[in-house]
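Colleague: To start, I am sharing the structure in question, which I have written as structure tokens.
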Amino acid sequence: MKIFLILILTITSSLSLAQISDLRGQRYCEVLIGEGKLFKGISLDVYNSIGLNLCPQEEWAKLSEKKIKKEWNADFVKLNGPRFWTMDSMKSSLLNPTIVSFNGIEMRKAGILKLGFKDIFGKRSVYKERKVRRNSIWIFNADDFVFELISPNSKVYIMQSYSTEVKDLTLEKLKDLKSQLKLPKGWNYRARLLTETLNVPIPEGLATVIQDDFYNSYTLIE
């Protein structure tokens, strides 16, 4: 069974926002642990390494979904990563600050992801909006590049993280990504140099997110 997910950091907490800096290009990973019934939906707890470590490859490669599932007595486990942030800093609150360890990789519970049957067994959707509950503000510094998708109706989605799952990407390679994407009709991709700092808040704690065909993740600027 192969599980396809829109794997986005989901933050849902009433705690005060804390700022984490120097994120651009920083590597992170996630372990998603959940329970539920396939036809009734699944709830996944998202554990994230942000602010604790850079998800060391040697330890990450040894993680086993089957082993974690048994240890946590979970119905479902999914490893997500490594991924790399494209913002410079963020203000956010964690769902649970307690640190847990997966084969020596420390993580904290950052959120909860709700999935239905189609999300689990269907083909991963790209260029399709999803709603994600989180309490965060992305911050992009002046004189740095941002990477954006523009929809046919002029909605702008800013990249929050890139993946190396499909293609060997780097921050520098993102500048020339347009020619490699299979953009739907009317869509555009651009790399834009900021002249001033850009803050991207999430109105009412509900983000609109999409992924491109390389599974890079973007948030709608509202």
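The numbers here are math on the coordinates, done by the rules we state, and not lab data. Being a predicted model, the structure only gives us computed values, none of them experimental. Positions of Cβ are backbone-derived with ideal geometry, glycine not excepted, and every protein chain shown enters the neighbour counts.
Colleague: Answer rounded, prolate or oblate for region 120-191, using the Cα gyration tensor with square roots of eigenvalues a ≥ b ≥ c: rounded when a/c is under 1.5, else prolate when a/b is larger than b/c, else oblate.
Modeller: Because its axes are fairly even, with a/c under 1.5, region 120-191 counts as rounded.
Colleague: A further question on this structure: All other residues with a Cβ under 13 Å from the Cβ of MET107 taken together, and with Lys, Arg as +1 and Asp, Glu as -1, what is their net charge?
Modeller: Working: positive: ARG108, LYS109; negative: GLU30, ASP45, GLU59, GLU106.
Summing Lys/Arg as +1 and Asp/Glu as -1 gives -2.
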